[in-house]
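The structure appears right after this line, and notes come after that.
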Amino acid sequence: MDNEDLYYPKELSWLAFNERVLQEAADKNNPAVERIRFLGIYSNNLDEFYRVRAADVKRQITIAQNDGNEEEALRQTELMERIQKKVVQLSDKFDEIHKDVLKSLARYNIHILRKNDLNDYQKQWVRNFFVNKVLRHIAPILIDKKVDLLSRLNGTSVYLYVALRRKERNTRFAVIQVPTSEMSRFKLIPPEKSRKKKHIIMLDDMIQLCLEDIFRGFVKFDEIESFSFKMTRDAEYSINDEIDESYVEKMSESMKQRLIAEPVRVIYDNDMPDDMVNDLRKRLRITKLDTMHAAGHYRNFKDFIGFPNVGREYLEHGALPAIDTSAFSKYNTVFDAITAHDILLYYPYHRFLHFTEFVRQAAFDPSVKAIRINIYRVASNSRIINSLIDAVDNGKKVTVVVELRARFDEEANIEWSKRMTDAGIRVVLGVPTLKIHSKLCIVSREERGSLVNYAHFGTGNFNEKTAKIYTDFSLFTRNQELANEGVAVFDLINYPYRRYKFQHLQISPLNARTKIQSLIRQEIQHLKEGADAKITFKINNLVDKELIDDLYRASQAGVRIRGIVRGMCSLNPGVKGLSENIEIISIVDRFLEHPRVMIFEGGGERKVFISSADWMTRNMDNRIEVGCPIYDKSLQQRVVDIMEMQFRDTLKARVIDRDQSNKYVRRGNRKKLRSQIEIYDYLKQQEDK
């Protein structure tokens, strides 16, 4: 078989995932404001794709060329060409959907106006607002031979490329950064008469309307015009281990590399004249390995994630109030609750407040002696970290493992580590060669003269903000075998050179891969012995070739395999003689599907695990990850029930096939089932019993 018959290219699979996000923007069953926000999510995803994955392909081409490996250079170049072709196709589709969404908003009396759409009253209001609120944040870059434009632009902002034209003179160019970090990009224009219609103008269009006011008196021109563009830079950085600085200082220095990294993509307004496009291409030193293409009027569409609903409530998703579980609320303390039974929560259906309360009570409970937790991404105003600081003030021993290399959260984590260190918390900055991605918290409490450990194992970050939109499992347990192994994970981080043995937990990079492979082989053995065999899993990404091969072998042996993969999937399901027993779906809906779940049901014995690890080589071999078994039978059943609801989804589930065509699942049943709503109702009914 050709290599691509076995493993679908992960970069193209990632673009297929983002196409599913675009499908949500196109879905007219979604409320109009949510549709435009999905366009923002798509844009934000694509920007990250270029900063990380496309940038990596570009680096691989350069490395292969420098090494004289023509075959690899050609392979990677062909992949880049396929990426660029697919992105252009999706961009065309994006523009069509955007136009349709604008029409939909207009039907609900919400209008996004461009400068030429404004009446005299609106123009005057915008000019006044610009002079009083916006102009102070505008600092144009006038371009001449001395200006290195590439070094002056960041990779996250949207810019206007300005042409100042004079008759019989050379055109001068300038760049204006749209100051979205200083103010909202969306401004509601107060109505002149009717209050029924809502008119919104973008900050970009405000600036374009007032261009003459910016340059008049400083630069001579007969005509002036501007067009938006955005540049995306490579997000990779390296840490210099040769310099004699602390790890925090090294990371801080490394972050500066992103400011001057090579561009990997430039997108610009498709109305930009050729002379401006060519000048911009030259000044940004764009090569054929980079993507530069025209698109619609607005850049940095990710800001539309925060598009305001200025209309009726039904233009957004209806509220699903987070569930307050009686598993905690009927007890005096969280420790009483966890002592009574293991507790499994599923965010955002359950309140994340239950976890923050776990940490808050630990911070002042006189019986608590120590708190250990690892931080990957936290909210900007984290109650969890505030509670950890309170714990130190109350005399607790607090250890926080901070992963400084959490992508795009590096600077925030550097600041958090400094703040916690100043507060007296013991901050551990991880293992230099291993990114720490586990979601682990251990509270050690003195009870009847001995130390008892309470453990939290999760699939998602300790982040109050993302816990409202990411689905994730949290397991709270007083099982000492599990909790003590959780303590050993922190020992592993502190003393990675020691030998550790984990009987219950799946720990990357020590035993997670081998434990998962052993579980897959056990299902094959059950089948050989005449018993049933079944594997069900849910992960964000499936690209590790070794684990894919294990699943292929299980399928060839006759094991029934079902998976839910939100993002990249390099496994090709449904191939005769290889994977005809494998079914993969993907669900994209109002909440981002984030849990990692494994269920093995062969031989009449069900084994259920939750994990922080995706099935990627980096997660298996180059990170510290934790997978935890769920032993409570009722909690196992809850996970199984939730998974089954997702496999019955008829509205938001897509089939992952060998072409990654993103066809919706059609099961022939008349009843339409939207699994995220069904799951909410199911969990709420459990509380109402």
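The values are calculated or read from the model by the stated rules, or taken from the named source; none is laboratory data. Note that the structure is predicted; figures quoted are calculated from it, not measured. Cβ: placed from backbone, ideal geometry, glycine included. Neighbour counts: every protein chain shown.
If you take the residues of region 577-620 that are in a helix (DSSP H, G or I) and more than 21 Å from the chain's Cα centre (by Cα), which of them is nearest to Asp550 (Cα to Cα)? The qualifying residue nearest to Asp550 (Cα to Cα) is Gly602. Residues in region 137-161 that are farther than 29 Å from Phe49 by Cα and at pLDDT below 90: Asp144, Lys145, Lys146, Val147.
Conditions tested, residue by residue: (1) among the hydrophobic types (A, V, I, L, M, F, W, C); (2) surrounded by 15 or more Cβ atoms within 10 Å (Cβ to Cβ); (3) in a helix (DSSP H, G or I).
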{"residue": "Ala25", "(1), (2), (3)": "yes, yes, yes"}
{"residue": "Asn45", "(1), (2), (3)": "no, yes, yes"}
{"residue": "Ala73", "(1), (2), (3)": "yes, yes, yes"}
{"residue": "Gln89", "(1), (2), (3)": "no, no, yes"}
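In region 145-171, the residues that are among the aromatic types (Phe, Trp, Tyr) form Cβ pairs under 8 Å with partners that are not in a strand (DSSP E or B), at six or more places apart or across chains, as follows: Tyr159/Leu153; Tyr159/Val178; Tyr159/Arg299; Tyr161/Met272; Tyr161/Met276; Tyr161/Leu280.
Annotation: Asn484 fulfils all but one of (1) modelled with pLDDT under 95; (2) outside any loop (DSSP other than H, G, I, E, B); (3) surrounded by fewer than 16 Cβ atoms within 10 Å (Cβ to Cβ); the unmet one is (1).
Do the conditions hold for Val400, that is, is it over 21 Å from His504 (Cβ atoms) and in contact with a strand residue (DSSP E or B) (Cβ under 7 Å, 6 or more places away or on another chain)? Judged against the criteria, Val400 is a match. Among the numbered conditions (1) under 28 Å from Ile677 (Cβ atoms); (2) part of a loop (DSSP other than H, G, I, E, B), tell me where His354 comes up short. Evaluating His354 over (1) under 28 Å from Ile677 (Cβ atoms); (2) part of a loop (DSSP other than H, G, I, E, B) leaves (2) as the failure.
To keep it simple, each residue is scored yes or no on (1) surrounded by fewer than 17 Cβ atoms within 10 Å (Cβ to Cβ); (2) over 30 Å from Pro191 (Cβ atoms).
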position	(1), (2)
Lys115	no, no
Gln122	no, no
Asn128	yes, no
Asn132	yes, no
Leu135	yes, no
Lys146	yes, yes
Tyr159	no, yes
Val162	no, yes
Thr171	yes, yes
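Residues in region 493-506 that are surrounded by fewer than 20 Cβ atoms within 10 Å (Cβ to Cβ) and either of a type outside the set (D, E, K, R) or at pLDDT 95 or above (or both): 8 in all.
Table: residues versus (1) β-branched (Val, Ile, Thr); (2) not assigned by the TED database to the domain that holds Ala363.
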{"site": "Tyr298", "(1), (2)": "no, yes"}
{"site": "Phe301", "(1), (2)": "no, yes"}
{"site": "Phe304", "(1), (2)": "no, yes"}
{"site": "Leu315", "(1), (2)": "no, yes"}
{"site": "Ala319", "(1), (2)": "no, yes"}
{"site": "Lys330", "(1), (2)": "no, no"}
{"site": "Val334", "(1), (2)": "yes, no"}
{"site": "Ala337", "(1), (2)": "no, no"}
{"site": "Ile343", "(1), (2)": "yes, no"}
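With respect to Ile561, is the statement that it is within 26 Å of Ile436 (Cα to Cα) and buried (at least 21 other Cβ atoms within 10 Å of the Cβ) true? Taking the combined requirement at face value, the residue does not satisfy it. Answer with yes or no whether Thr399 is surrounded by 18 or more Cβ atoms within 10 Å (Cβ to Cβ), in contact with a Ser or Thr (Cβ under 9 Å, 6 or more places away or on another chain) and within 26 Å of Lys435 (Cβ to Cβ). No. All of (1) part of a helix (DSSP H, G or I); (2) in contact with a strand residue (DSSP E or B) (Cβ under 6 Å, 6 or more places away or on another chain); (3) at pLDDT 95 or above hold for Lys369 with one exception: (1).
Checking each residue in region 458-481 for being out of contact with any Asp or Glu (no Cβ under 9 Å at 6 or more places or on another chain) and either over 30 Å from Ile305 (Cβ atoms) or of a type in the set (Ser, Thr, Tyr) (or both) picks out Ser474, Gln480, Glu481.
Taken over region 123-170, the residue count meeting the criterion of being outside any loop (DSSP other than H, G, I, E, B) and either in the same structural domain as Ser43 (by the TED database) or touching a Ser or Thr at 6+ places or on another chain (Cβ under 6 Å) (or both) is 4.
I'm told Tyr454 meets every condition in (1) within 25 Å of Gln636 (Cα to Cα); (2) assigned by the TED database to the domain that holds Tyr680 except one. Can you identify the failing condition by its number? Tyr454 satisfies every listed condition except (2). Reported count of residues in region 414-460, each being assigned to a strand (DSSP E or B), closer than 22 Å to Ala483 by Cβ and either at pLDDT 95 or above or charged (D, E, K, R) (or both), is 18. Here is a check on your reading of the model: is Met272 out of contact with any Leu (no Cβ under 6 Å at 6 or more places or on another chain), modelled with pLDDT of 90 or more, crowded, with 17+ Cβ neighbours inside 10 Å and farther than 30 Å from Asn309 by Cβ? Taking the combined requirement at face value, the residue satisfies it. Of the residues making up region 507-514, at least one is within 28 Å of Arg360 (Cα to Cα) and either of a type in the set (Lys, Arg) or at pLDDT 95 or above (or both).
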